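Throughout, read-outs are computed from the coordinates displayed, never taken from laboratory work. From a predicted model like this one, the values you see are computed outputs, not experimental measurements. Here Cβ is always computed from backbone atoms with ideal geometry, including for glycine, and neighbour counts include all displayed protein chains.
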Amino acid sequence: MPMRSIPFNTVCLLGMNDGVYPRSVPPESFDLMVGRTKPGDRSRRDDDRYLFLEALLSAQQSLYISYVGRSIQDNTERVPSVLVSELLEYCEQNYCLQGDEALDVDSSGAKLTQSLLREYPMVPFSAAHFDASSALQSYAAEWLPSAQQTTLEATQSLSLPFNLEPIARAQGEKVELELTELQRFWRLPVQYLFNRRLQVNFEESLLGLEDEEPFALSGLESFGLRKSLLDAMIEAKGRLKAKS
């Protein structure tokens, strides 16, 4: 059974993401109790809910709950555990900030949630961590040079003009354009200018990162690696020293 509510000054619950807590345990193929539960049987999800409630009751002065708000692969927003969402909804419906007593439930609840939640930058060298007026100020000296360099590069890139000289008119033979390319020019003239005249292409393929690190090469990857080595050996022929 879960532990009793032992009092603590501060209780911290980390990694409270949706799908992580309450824990979801897939049933085993040889488990004969699947689908035959009866009143009084133990449930892992119910135990986790009970542990969460005990953690709330154990916090005497402060309660800290954190979860990963954005995906490390594509930066999409991630939601907290259903228990955290239910706790926020309960606070919105039953409490309000001082001075918001006259507001309706939705308005006061939104302001209360905004005061309870705090979003941190995804990287430790973010400039927001080294702003003295920010509540997220960091004192990690090892990240200060990286934060200063990032801020300097961003300032320099904004101060430089896009182009110092006018674009020279293309010289040479007449170019025949297909109808589809002409339609693309009239539909997206700025993009066409960047792609054809400036040779700048911002269309990058968004490849998702794998969840597991690859330790073996596939057949195509092995072929590409061997071809690259063979091309390098052919290019360096005559410059390589023979092994004695």
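Please list, by residue number, everything in the range 73-88 whose backbone N is under 20 Å from a paramagnetic label point 7 Å out along Cα→Cβ of F8. Within reach of a label on F8, which here means backbone N under 20 Å from a point 7 Å along Cα→Cβ, the range 73-88 contributes 81-85, 87-88.
Highest mean packing comes first when the peptides 181-190, 120-129 are listed by Cβ atoms within 10 Å, giving 120-129, 181-190. Each Cα pair under 8 Å and six or more residues apart adds its sequence gap; the mean of these over the residue count of the range 49-121 is a relative contact order of 20 percent. Sites listed here are GluC sites (Glu not before Pro) in the range 1-82 whose DSSP assignment is loop and whose Cβ has at most 11 other Cβ atoms within 10 Å: E28. Each residue, D74 and K237, gets one label point 7 Å from its Cα in the Cβ direction; the gap between the two is 4.6 nm. On the beta carbon distance between T150 and T113, with R0 = 35 Å, the FRET formula returns roughly 0.70. A DSSP coil position with no more than 16 other Cβ atoms inside 10 Å describes the following chymotrypsin sites (Phe, Trp or Tyr not before Pro) in the range 27-61: F30. Taking label points 7 Å from Cα along the Cα-to-Cβ direction, E221 and Q98 give a separation of 5.9 nm.
Remark: the range 25-106 is approximated by an ellipsoid whose semi-axes, taken from the C-alpha gyration tensor as √(5λ), come to 34, 20, 14 Å, largest first.
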